[in-house]
1. Sticking with the crude label model, points 7 Å out along Cα→Cβ, report the distance from residue 46 to residue 121 in nm, one decimal please.
2. Just going by the charge dipole of the chain, with Lys and Arg at +1 and Asp and Glu at -1 on Cβ, which of 72, 126, 108 is farthest out on the positive end?
3. Find how many whole Å separate the alpha carbon centroid of the stretch 55-83 from the alpha carbon centroid of the stretch 133-152.
4. Pairs of Cα atoms under 8 Å, at least six residues apart: use those to get the relative contact order of the stretch 26-87, whole percent.
5. Estimate the FRET efficiency between residue 148 and residue 76 by the formula 1/(1 + (r/R0)^6), using the beta-carbon distance for r and 35 Å for R0, to the nearest 0.05.
6. Over the chain, what is the relative contact order in whole percent, taking alpha-carbon pairs under 8 Å and six or more residues apart?
7. Would you work out the charge dipole size for the chain about its Cα centre, treating the Cβ of every Lys and Arg as +1 and the Cβ of every Asp and Glu as -1, and quote it to the nearest 20 debye?
8. Students sometimes get this wrong: rank 28, 13 by accessible area, probe 1.4 Å, all chains present, largest first.
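The values are calculated or read from the model by the stated rules, or taken from the named source; none is laboratory data. The model shown is predicted, which means the values in this text are computed figures rather than measured ones. Positions of Cβ are generated from backbone atoms using ideal geometry, with glycine treated the same way; all protein chains shown enter the neighbour counts. These area figures cover heavy atoms from the full protein model, side chains too; ligands, DNA and RNA do not enter into them. Shrake-Rupley method; radii C 1.70, N 1.55, O 1.52, S 1.80 Å.
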Amino acid sequence: ITEPDTIIINKVVDDVDCNGGSTGSITVNVQGGTPPYTHSWSTGGTTASISGLSVGMYDYTVVDANGCVNTLQNVSVNEQTAIVASISQTPPGGFVLTANSPSGGVSPYTYSWREQSSPSTSLGTGLTYSVFSFGTYYLIVTDANGCEKTTNSFTYTPTGLFETNTLINIHIYPN
């Protein structure tokens with residue numbers, strides 16, 4: 001009588017792309033034992049691969065045709081740290097906005113300056129942006145995984161007297 005080889009489980013874990021997301025996956029490759037295999041995940045999945053995972057620990061059990069069992073416990077799916085990004089005015093109160101060095105996520109980063117009244121229009125992609133009109137300006141920082149962080153904003157409003165809408169009638173009468 002020949003005994004089948006021991007069941008061996010090899011796993012590939014793809015971590016979550018963006019902090020707080022659910023793009024993680026785990027795929028197993030089972031060898032040994034006697035096929036076919038029955039797969040069981042702590043998520044309720046019944047195939048050799050599960051996806052749509054958020055950060056956490058997952059368990060896997062395989063049973064072969066002879067009822068032999070092997071398990072993986074506490075398979076860890078991780079995530080990137082959250083992107084931290086902000087902008088500042090140069091000089092303080094000035095009309096040049098500067099991206100402060102971002103952290104978290106996966107570098108390199110790209111930049112897209114925006115104005116609140118047309119948020120889908122990129123105004124520029126550099127580390128600085130010169131403000132030439134009134135509005136609320138902010139920056140979207142995107143990491144190498146395509147994860148985005150919207151920064152704080154600065155609002156530029158009209159000051160002083162630019163327009164008058166009233167007519168002043170002056171009448172001078174002799175004394």
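1. 5.4
2. Toward the positive end, the furthest listed residue is 126.
3. Distance between centres, Cα-based: 36 Å.
4. Dividing the mean separation by the residue count of the stretch 26-87 yields 31 percent.
5. E(calc), rounded to 0.05, equals 0.85.
6. Relative contact order here is 16 percent.
7. It works out to roughly 600 debye.
8. 13, 28
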